[in-house]
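Trainee: Could you have a look at this structure, given as structure tokens, before my questions?
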Amino acid sequence: MIATHGADSSGVWSGTMRVDEAGDGNCNIRRDEMQIGDSDLEFLHLSSCNSMDANQWGSWWRAFSRAHQVDGFHGFMWIGNGLISNYRNFADDAFGGSISSSWLDNHYVVNISGSDDQCPVAYAVGSTQADVVNRLLNERYDNVFGDPASVSWWAATYVAGCDPANETAL
């Protein structure tokens, strides 16, 4: 899990730490500079605004290198004491149900800031259409599939009609 301030920079997610490290470090990350996945990283969860905007879906697969799924948010997301349990509940639920469904179920919040929704998105890759759909529907923390044989397909799941701040409705 990575938590950063997030932005959509010309169709690429970028994250910035709230407090930079001392010296000349900048504590920034960009999707187009990432290569995620190895023997120890199958899933990446981004607690960051604009980390999974719909206009980015067609290129997120380029960051995958043996990773299975990345979860994030379309538009703005919120932090606060009242939302901490959503992450705990997500992690707990992802053992008994799919990671994608657990992410959506625990992080979708209607009218979180008056009229804006919090819109979680789960994004997976696979070697075939059936493979990527199977991963979204069935991969859990206690049922981890093998690494995708190739990244030939991608798919995203989201809450239809979710209408966040800073983006169009899904």
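What follows draws every value from the coordinates through simple rules; no lab data is involved. Every value quoted in this text rests on a predicted model; they were computed, and no experiment measured them. Using ideal geometry, Cβ is built from the backbone for each residue, glycine included, and neighbour counts are taken over all protein chains shown.
Trainee: Would you indicate which of (1) 39, 38, 28; (2) 51, 31, 24; (3) 37, 35, 33 is the value of Cα extents along the principal axes in Å derived from the coordinates of this structure?
Mentor: Read-out taken from this structure: (1).
Trainee: For the chain, which cysteines have no second Cys with its Cβ under 4.7 Å from theirs?
Mentor: Cys27, Cys49
Trainee: Next question. Ranked highest first by average number of other Cβ atoms within 10 Å, how do 70-81, 6-17 line up?
Mentor: 70-81, 6-17
Trainee: What are the ³J(HN,Hα) couplings of the range 91-107, residue after residue, when phi is run through the Karplus curve with 6.51, -1.76, 1.60 and θ = phi - 60°? Round to Hz, x for glycine and proline.
Mentor: Each residue of the range 91-107 in turn: 4, 5, 5, 6, 8, x, x, 5, 4, 4, 5, 5, 4, 5, 4, 8, 10 Hz.
Trainee: So, one more: Would you calculate the separation in nanometres between label points at Ser10 and Phe95, each defined as 7 Å from the Cα along the Cα-to-beta-carbon direction?
Mentor: Label at Ser10, label at Phe95, 4.5 nm between them.
Trainee: Using 0.36 nm per residue, how much length does the chain from Asp40 to Ile79 gain when fully extended, once their Cα-Cα distance is taken away?
Mentor: Taking Asp40 through Ile79 to full extension adds about 11.3 nm, to one decimal.
Trainee: So, one more: Calculate, for Ser59 and Asn143, the FRET efficiency according to 1/(1 + (r/R0)^6) with r their C-beta to C-beta distance and R0 25 Å; round to the nearest 0.05.
Mentor: On the way: r = 28 Å, r/R0 = 1.13.
Using R0 = 25 Å, I get an efficiency of 0.30.
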